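Student: Mind looking over this structure? Questions follow.
The numbers here are math on the coordinates, done by the rules we state, and not lab data. The structure presented is a predicted model; accordingly, all values stated were derived computationally and were not measured. Neighbour counts run over all protein chains shown; Cβ positions are idealised from the backbone, glycine included.
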Amino acid sequence: MPGTTLSRGNVLASFLVGPSITPSAVNANTSAAQTFTVKGLLTTDRVSVSLSAAQTAGIGVANAYVSATDTLSIAFSNCTTASATPAAGTYTVSVMRPESTPLPASAV
């Protein structure tokens, strides 16, 4: 709820965005972060990323966060023995925007 500012870290807003993303190749047996412009993201946002289609075999999303305003960073992992490119397409980004930051260290 806006304006309640409890020491528990309330979520001010939760929403989905669907940017079209075209990742670059990821070397064999590694993880690599790539950045993409997604207007409206804030560095205090918490994000979760998924693809609503088939992902390239051996590729996974290892981590995602907002590295700068309007910039989504996604770390793709490649667990194959050859270079592979994550699938291009519309990714679903679930955004949770905290009411206040920094977030508290505990819920009590």
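Student: Add +1 for every Lys or Arg and -1 for every Asp or Glu among the other residues with Cβ under 9 Å from the Cβ of P98, and state the total. Intermediate values should be presented prior to the final figure.
Tutor: Details: positive: R46, R97; negative: D45, E99.
Charge balance near P98 sits at 0.
Student: Which of the peptides 34-40, 11-17, 21-27 is most tightly packed, and how do the rest follow, judged by the mean count of other Cβ atoms within 10 Å per residue? Intermediate results must be reported in sequence, preceding the final value.
Tutor: On the way: 34-40: 13.7, 11-17: 12.0, 21-27: 15.7.
Packing proxy ranking, top to bottom: 21-27, 34-40, 11-17.
Student: Just the Cα atoms of the chain: what Rg and Dmax do they give in Å?
Tutor: Both quantities, over Cα of the chain: 15.9, 51 Å.
Student: Also, I was wondering about something else. Applying the Karplus parametrisation 6.51 cos²θ - 1.76 cosθ + 1.60 with θ = phi - 60° to the phi angles of segment 47-63, what ³J(HN,Hα) value in whole Hz is obtained for each residue in order, glycine and proline being reported as x?
Tutor: With the stated coefficients, segment 47-63 comes to 10, 9, 10, 8, 10, 8, 8, 5, 8, 4, 4, x, 9, x, 8, 8, 6 Hz.
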